[in-house]
Amino acid sequence: MTAPRWSVVIPAFNEARRLPPYLDEVVAHLDGRGEPYEVIVVDDGSTDGTPDLVVARRHPAVRVLRLERNSGKGVAVRAGMLAARGAYRLFADADGATPIAELKRLEPALTAGADVVIGSRVLADPAVSVATRPHRVRAGRVFNWLVAELGLRGVADSQCGFKAFTAAAAERLFGGLRTRGFGFDVELLLAAQAAGIRVVEVPVNWVDQPGSKVGVLRHGPGMLWQIVRASLRAGRAG
């Protein structure tokens, strides 16, 4: 079996409404590239039939990795990344906030030698558009300030759910990932920083989608605690 050039990992928890159109977009885009690829949908214990909708499409390049119970986004992305076989590995949110075509913005940095390339909704670029609600912009600024205070340097937007890795970087970083929830991105980037892994941040198009699984008041305190613990672990490791 030919090894895929790209693996796209999509974590999904109760995404029966939002995932199917984005999955179709991902498959159509990757089919158009004319190179081997795989898509891994990691079902994080959904109860709404999400994995059945994926299986029903019967696309040979798409498979479902099922977690028995809802374990958190960090666990789901870790499972998908470590199961992937691609030379390059991207994880993308199931809501399609970042179009899969934005891969073209991340790929040049990887092929030029970066180990990790992350999409950014914060870096300014006249060629991209970011549409989001004002309260999320304010919350994002506060969160990123806190992350910087806890030791993550040189990253404007740690939380954009569109990040690409070389296979070696993915296996090294996700192999040691311990954060189970939405704060896992910070642990990954802190670990990359500590290990001297080259991270490049590039602006991407992004549109806020209805039905977000992350609420500022609902998940903010938990995410803050997750990144504090990740920062402490990174300090001990250093």
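Where a number appears in this text, it was derived from the coordinates with a stated rule and is not lab data. All of these numbers come straight from a predicted model, not from anything done at the bench. Cβ atoms come from the backbone with ideal geometry, glycine included; neighbour counts cover every protein chain shown.
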Query raised in the report: Dividing the alpha-carbon Rg of the range 75-195 by 2.2 N^0.38 Å yields what?
Result: 1.04
Report summary line: Dividing the mean separation of Cα pairs under 8 Å (6+ apart) by the residue count of the range 1-158 yields a relative contact order in percent of 27
Report summary line: Length-normalised contact order of the range 94-166, Cα under 8 Å, at least 6 apart, in percent, tallies to 49
Query raised in the report: Over all Cα pairs of the range 141-186, how is the pair count split among 10 Å bins, expressed in % and running from 0 up to the last occupied bin?
Result: 23, 53, 23, 1
Query - Backbone N under 18 Å from the Asp125 label point (7 Å along Cα→Cβ), restricted to the range 187-201 - result: 199-201
Report summary line: So Val207 and Arg138, fully extended at 0.36 nm per residue minus their Cα-Cα distance, gain in nm 23.2 nm
Query raised in the report: By how many nm would the segment from Asp48 to Leu82 grow when fully extended, if each residue of separation counts as 0.36 nm and the alpha-carbon distance is taken off?
Result: 9.7 nm
Report summary line: Quarter of the surface of the C-alpha convex hull for the range 1-43, i.e. direction-averaged projected area in nm², equals 3.2
Query raised in the report: Which FRET efficiency value, to the nearest 0.05, do you get for Arg5 and Glu68 by plugging their Cβ-Cβ distance into 1/(1 + (r/R0)^6) with R0 = 35 Å?
Result: 0.70
Report task. From the C-alpha gyration tensor of the chain, pull out the three semi-axes of the equivalent ellipsoid (sqrt of 5λ each), sorted largest to smallest, in whole Å. Result -> 25, 20, 19
Report task. Can you find, among Leu53, Pro99, Phe184, the residue farthest towards the positive end of the dipole of the range 6-237? Put +1 on the C-beta of Lys and Arg, -1 on that of Asp and Glu. Result -> Phe184
Query raised in the report: What's the local net charge at Leu65, with K and R +1, D and E -1, over the other residues with C-beta under 12 Å away?
Result: -1
Query - Cα point-scatterer Debye curve for the range 47-111, base-10 log of I(q)/I(0) at q = 0.12, 0.14, 0.24 Å⁻¹ - result: -0.39, -0.54, -1.39
**Report entry** Residue-span extension gain [Lys104 to Glu25] - 0.36 nm each, minus C-alpha spacing
**Finding:** 27.0 nm
Query raised in the report: Taking N as the number of residues in the range 34-75, what is its alpha-carbon radius of gyration divided by 2.2 N^0.38 Å?
Result: 1.26
Query - Sum of side-chain charges, Asp125 neighbourhood, beta-carbon under 13 Å (Lys, Arg +1; Asp, Glu -1) - result: -1
**Report entry** Separation of the Arg57 and Glu149 label points, Cα + 7 Å toward Cβ, nm
**Finding:** 4.1
Requested in this report: With only Lys, Arg, Asp and Glu charged, each at its Cβ (+1 for the first two, -1 for the last two), find how big the charge dipole of the chain is about the Cα centre; round to the nearest 20 debye.
Outcome: 600
